[in-house]
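The values are calculated or read from the model by the stated rules, or taken from the named source; none is laboratory data. Source: prediction; values computed, not measured. Cβ atoms come from the backbone with ideal geometry, glycine included; neighbour counts cover every protein chain shown. These accessible areas exclude ligands, DNA and RNA; they are computed on the full protein's heavy atoms, side chains included. Shrake-Rupley method; radii C 1.70, N 1.55, O 1.52, S 1.80 Å.
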Amino acid sequence: MPTEEHLVDVAVIGGGQAGLAAGYFLRRAGADFVILDDHDRPGGSWPEYWDSLRLFSPAAHSMLPGWWMPEEEGQEYPSAAHVAWYLAEYERRYGLPVRRRARVRRVERAEDRLRLVTGGDRWLARRVISATGTWDAPYVPDLPGRDVFVGEQLHTVDYRGPDRFAGQRVVVVGGGNSAAQILAELSTVARTTWVTTRPPRFLPDDVDGRALFAIATRAQRSEAAGVGDLGDIVVVPGVREARERGDLKAQPMFDHLTRTGVAWSDGTTAECDAVLWCTGFRPVLDHLSDSGLVDDRGRVAVEGTRAVAEPRLHLVGYGDWTGPASATLIGAARTAKAAVAQITRDLEPEPRQGTDRGSGR
Ligand SMILES: Cc1cc2nc3c(=O)[nH]c(=O)nc-3n(C[C@H](O)[C@H](O)[C@H](O)COP(=O)(O)OP(=O)(O)OC[C@H]3O[C@@H](n4cnc5c(N)ncnc54)[C@H](O)[C@@H]3O)c2cc1C
C-alpha cells in the first residue's frame, strides 16, 4: 500500500491511559487530532500485567477524566483486566481516534511541524504529545555476576503468576509495590528471599493509593509529605496476609551474583534458582532517540510537560518528572489537561490587528 502523509494539528503517541486522558481534553477542546498506538488492541500496557495484580486504590480513586471507573464485582481493588476493560470502554465512550498497529519509529523536525514516521503512514503535526509509558523499557541494575549466574533472571514484565516457581528458591529484588505484591503470592509456593536497597516502607494499613495522590498534590505545594511517599507500599489484602505469615522480611541489597545465587559484601551467600528483578522502568523514548532531546537518564528536559529544546513536543505520564503522580490512573488527568491547555493556547489564531477593530463583527 502506498504511504500516505496526513496533516493534523495534534498527534498523540501512545494509546494507554496517558494518551487517552490527553485525547479526552483534546476532544473537549474541539482539536483536530489523532492517537497512534502500536498495539492491535486497547488498554495500553494493562493487558500485559499479571492476572493477580490488584490496583493499589479502589475503582473510585483510579479514574480518568470524565468517567468514573465502575467497580469490579467482588473486588475492592480492581484487577489489571478490569482496568484494560475500562480503558477500552473509555476510548469508545469518547470516540477517541486511535490508529492501531501504528508504531512511531521517529519524530523529525519538518519546518513548522513535526513529522511522525511509522512503518506505514506519516503524520505532519503542529504539536506532538508523547505518552508511550515505561513498560517496554524494563530496567535491571548492572551488578557484577549477572552474566555468570546459571539460574533464571526475569523482570517484572516477564512475571505472569506464581505457579511456575512452585518449590523453587527465588530472590525478589526491589522495594516497590510490584515487588511486594509479587513476593506476597510467590512466598505461598516458593522459598523467597526479598532484597531491597533501602528498608521497605509500608503505608499504614488503613491508607491506600488514595493517599498517594493527595501526597503528590501536597508535594507539589512544597508541604511536608507526612503519611508517606509515592513509592511506598500499599498494604493490599495479599500483602497484609504475607506480612502476617512473616514472609515480608527484607534483606539489604546483595553485592554480586555468583554462578548459583547471590552474595553480600560480608561473605554471606544465598543459593537460588531464579532472580526476579522488580527494579523499575525507564521511559520508552526510542522514537526520540535521533532527536538529540533524550539525556543520559533517558529523559527529556521539560518545563511542565513541554520539552525545553522542542516546544512543539509535550511528554505526559512518564513519572513525577512529567507532573506529580502523572504515571497513575488518577494523576494522568492533571498533566494531560495542562498539556492540552498549553497546546490549544499555542494553536489559537493570533487576534487580527487593525482593520477589524471596531467593525462590530
Ligand atoms: C506492575 C504495575 C502496577 C501498577 N499499578 C498501578 C495502580 O495500581 N494504580 C495506578 O494508578 N497506576 C499503577 N501503575 C502505573 C501506571 O498506571 C501504569 O504503568 C500505566 O500503564 C501507565 O500508563 P501509560 O499510558 O503512561 O503507559 P502504557 O500503559 O504503557 O501505554 C503506552 C502505550 O503506548 C504504546 N507505545 C509505546 N511506544 C510507542 C510508539 N513508538 N509508537 C506508538 N505507540 C507506542 C505502548 O505500546 C502502549 O500501548 C502500575 C504500573 C505497573 C508497571
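Restricting the search to the range 264-278, which residues are in a loop (DSSP other than H, G, I, E, B), surrounded by fewer than 17 Cβ atoms within 10 Å (Cβ to Cβ) and in contact (Cβ under 8 Å) with a residue 12 or more places away in the chain? So that I can check it myself, show each step before the final result.
Applying the first criterion (in a loop (DSSP other than H, G, I, E, B)) to the range 264-278 yields 264-268, 272-273, 278.
Adding the requirement that they be surrounded by fewer than 17 Cβ atoms within 10 Å (Cβ to Cβ) leaves 264-268.
Of everything in the range 264-278, just one residue is in a loop (DSSP other than H, G, I, E, B), surrounded by fewer than 17 Cβ atoms within 10 Å (Cβ to Cβ) and in contact (Cβ under 8 Å) with a residue 12 or more places away in the chain, namely 264.
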Please verify whether the range 50-58 includes one or more residues that are in a loop (DSSP other than H, G, I, E, B) and over 19 Å from residue 157 (Cβ atoms). yes
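Yes/no matrix, rows are residues, columns are (1) under 22 Å from residue 174 (Cβ atoms); (2) in a strand (DSSP E or B):
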{"position": "95", "(1), (2)": "no, no"}
{"position": "107", "(1), (2)": "no, yes"}
{"position": "116", "(1), (2)": "no, yes"}
{"position": "123", "(1), (2)": "no, yes"}
{"position": "128", "(1), (2)": "no, yes"}
{"position": "134", "(1), (2)": "yes, no"}
{"position": "145", "(1), (2)": "yes, no"}
{"position": "148", "(1), (2)": "yes, no"}
{"position": "154", "(1), (2)": "yes, yes"}
Kindly establish whether residue 329 is within 30 Å of residue 78 (Cβ to Cβ) and either modelled with pLDDT of 95 or more or surrounded by 18 or more Cβ atoms within 10 Å (Cβ to Cβ) (or both). yes
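Kindly indicate the residue of the range 295-342 that is assigned to a loop (DSSP other than H, G, I, E, B) and basic (Lys, Arg) and also nearest to the ligand (Cβ to nearest atom) among those meeting that condition.
At the first step, the residues of the range 295-342 found to be assigned to a loop (DSSP other than H, G, I, E, B) are 295-299, 301, 304-305, 308-309, 316-319, 323-331.
Next, from what is left, pick out any that are basic (Lys, Arg): 297, 299.
Numbers: 297: 17, 299: 14 Å.
In this case the residue turns out to be 299.
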Given (1) away from the ligand (no atom under 13 Å from the Cβ); (2) free of Cβ contacts under 8 Å to residues at least 40 places away in the same chain; (3) of a type outside the set (A, V, I, L, M, F, W, C), residue 75 misses just (1)
Search result, residues across the range 233-263 that are part of a loop (DSSP other than H, G, I, E, B) and closer than 19 Å to residue 147 by Cβ: 253, 254, 255, 258, 259, 260
Sort through 64, 55 and tell me the only one that's more than 8 Å from the ligand (Cβ to nearest atom), within 22 Å of residue 284 (Cβ to Cβ) and either out of contact with any Leu (no Cβ under 7 Å at 6 or more places or on another chain) or open to solvent by less than 20 Å² (accessible area, probe 1.4 Å) (or both). 64
Does residue 29 count as under 24 Å from residue 284 (Cβ atoms), touching a residue at least 24 places away in the same chain (Cβ under 8 Å), of a type in the set (Gly, Ala, Ser) and touching a helix residue (DSSP H, G or I) at 6+ places or on another chain (Cβ under 8 Å)? no
